[in-house]
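Contents: one structure, followed by commentary.
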Amino acid sequence: MDYNGFRQRKLPVKVRTRGLVHAVGDPNHLFEDTSGNMESLRSGYEGTATGFGLTREGILSDPMMSNLAMAYGSSLASQGKSIVDQNIDRFIPVSRLKYYFAVDTVYVGKKLGLLVFPYMHQNWEVRYQQDTPVAPRVEVNAPDLYIPAMAFITYLLVAGFALGTQSRFSPEVLGMQASSALIWLVIEVFAILLSLYLVTVNTDLTTIDLVAFAGYKYVGMITGVVAGLIFGKTGYYIALSWCCISIVVFMIRTLRLKILSEAAAEGVLVRGTRNQLRMYLTMAIAAVQPFFMYWLTFHLVR
């Protein structure tokens, strides 16, 4: 046997490991393209899925599977909506807030006129329908949140314009103006709630009602600032004084029916001690409104 000829015809040795062929004689060939193997595996899996009828086109075209998917999705959506509604109602009474925003143009016009000219109004009682107060759009005496919210935003816009005419406008100053007005409103509402608790008044006034009544003073504040921008300080003091008197009359005639309702129902004497405390509380709530109106507007007119 010719061993020398065998050595001369020596072939390169290849090592096969898990389907990967590496040429030992080629040091630059490190990896081999195996995309063909992956394509074959994918085609094998798709063939298996096709055999069981689980292709994507088959699932989407199957009416039973589509109906089941739609039913499952709608059930999940309804469950999620109910959970969200329960959590929101726990912290924010959305159903009750809808009542305070049930207004129209006629109501807004009448309410603004009542806030500025409350002297000729006679009937201040809120009508009820099946133990529920009627909506503000049909009852001008009912409290609402639309006018206080819009008046608060308008007050900030007017304050920014007034500061701009005096070359004192800046986002920081306007932010401090908004935060100051909001903080004083919160303090006022909590003080009224504490006073009602200390005087032991059982009334149907809610926190939202107090926010609405306390927010009505922004209408007079806007009137005073606008008059000051047009007619100067003299116009500011005249308009603000008129609005302060009007809001005091409005608050007394409105709140006395709410705070003194228990005494009237129980037949308590008007000169009784508890009834006097309630009357003083009503007068105090009304009397503090002009101080807030002046404190939040006097620096806007120069």
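Given contacts defined as C-alpha pairs under 8 Å and at least six residues apart, what's the relative contact order of the stretch 124-169, whole-number percent?
Details: 20 pairs, mean separation 9.6, N = 46.
Value for the stretch 124-169: 21 percent.
Round to the nearest 10 and report in Å² the accessible area of T105, as given by a 1.4 Å probe over the protein chains' heavy atoms.
So the heavy atoms of T105 present about 120 Å² to solvent.
At 1.4 Å probe size, with every protein chain present, just tell me what the per residue accessible area of the stretch 134-202 comes to in Å². Mind dumping the intermediate values first?
Details: 3630 Å² over 69 residues.
Result: 53 Å² per residue.
So what does E125 come to for accessible area, using a 1.4 Å probe and Å² rounded to 10?
Roughly 120 Å² of E125 is accessible to a 1.4 Å probe.
If L229, L198, L296 are ordered by their accessible area, calculated over protein heavy atoms with a 1.4 Å probe, which sequence runs from highest to lowest? Kindly include the intermediate steps, with their values, before the conclusion.
Details: L229 65, L198 125, L296 5 Å².
Ranking L229, L198, L296 by accessible area, largest first, yields L198, L229, L296.
Step through the table entries K110/K233; K110/K217; K98/K217, compare each Cα-Cα distance with 20 Å, and write down the pairs that go over it.
As for pairs spanning more than 20 Å Cα to Cα, those are K110/K233; K98/K217.
Tell me the accessible surface of L257 in square angstrom (1.4 angstrom probe, heavy atoms of protein chains only), to the nearest ten.
60 Å²
Ordering D209, D131, D104 by accessible area with a probe of 1.4 Å, largest first, what comes out?
The residues order as D131, D104, D209, largest area first.
Give a residue-ordered list of calculated ³J(HN,Hα) values for the stretch 185-200 (Karplus: 6.51 cos²θ - 1.76 cosθ + 1.60, θ = phi - 60°; whole Hz; x for Gly, Pro).
Once θ is set to phi - 60°, the couplings for the stretch 185-200 become 5, 5, 4, 4, 5, 5, 5, 5, 4, 5, 5, 4, 5, 5, 7, 6 Hz.
In the stretch 281-302, which residues have a backbone nitrogen under 15 Å from the label point lying 7 Å from F231's Cα in the Cα-to-Cβ direction?
none
Between V134 and L97, how many nm apart are label points set 7 Å from Cα along the C-beta direction?
Those two pseudo-labels are separated by 2.7 nm.
Using the beta-carbon distance between F169 and F298 and R0 = 25 Å, what value does 1/(1 + (r/R0)^6) give for FRET efficiency, to the nearest 0.05?
0.90
Apply 1/(1 + (r/R0)^6) to the Cβ-Cβ distance of R274 and S75, taking R0 = 51 Å, and write down the FRET efficiency to the nearest 0.05.
After rounding to 0.05, the efficiency reads 0.35.
With r defined as the distance between the Cβ atoms of I153 and L194 and R0 fixed at 30 Å, what FRET efficiency is calculated, to the nearest 0.05?
Numbers: r = 28 Å, r/R0 = 0.94.
Once rounded, the FRET efficiency stands at 0.60.
The values are calculated or read from the model by the stated rules, or taken from the named source; none is laboratory data. Please read all numbers here as calculations on a predicted model, not as lab measurements. FYI the Cβ positions are ideal-geometry reconstructions off the backbone, even for glycines, and counts take in every protein chain you see. Keep in mind that these areas ignore ligands, DNA and RNA; they rest on the heavy atoms of the full protein, side chains included. Shrake-Rupley method; radii C 1.70, N 1.55, O 1.52, S 1.80 Å.
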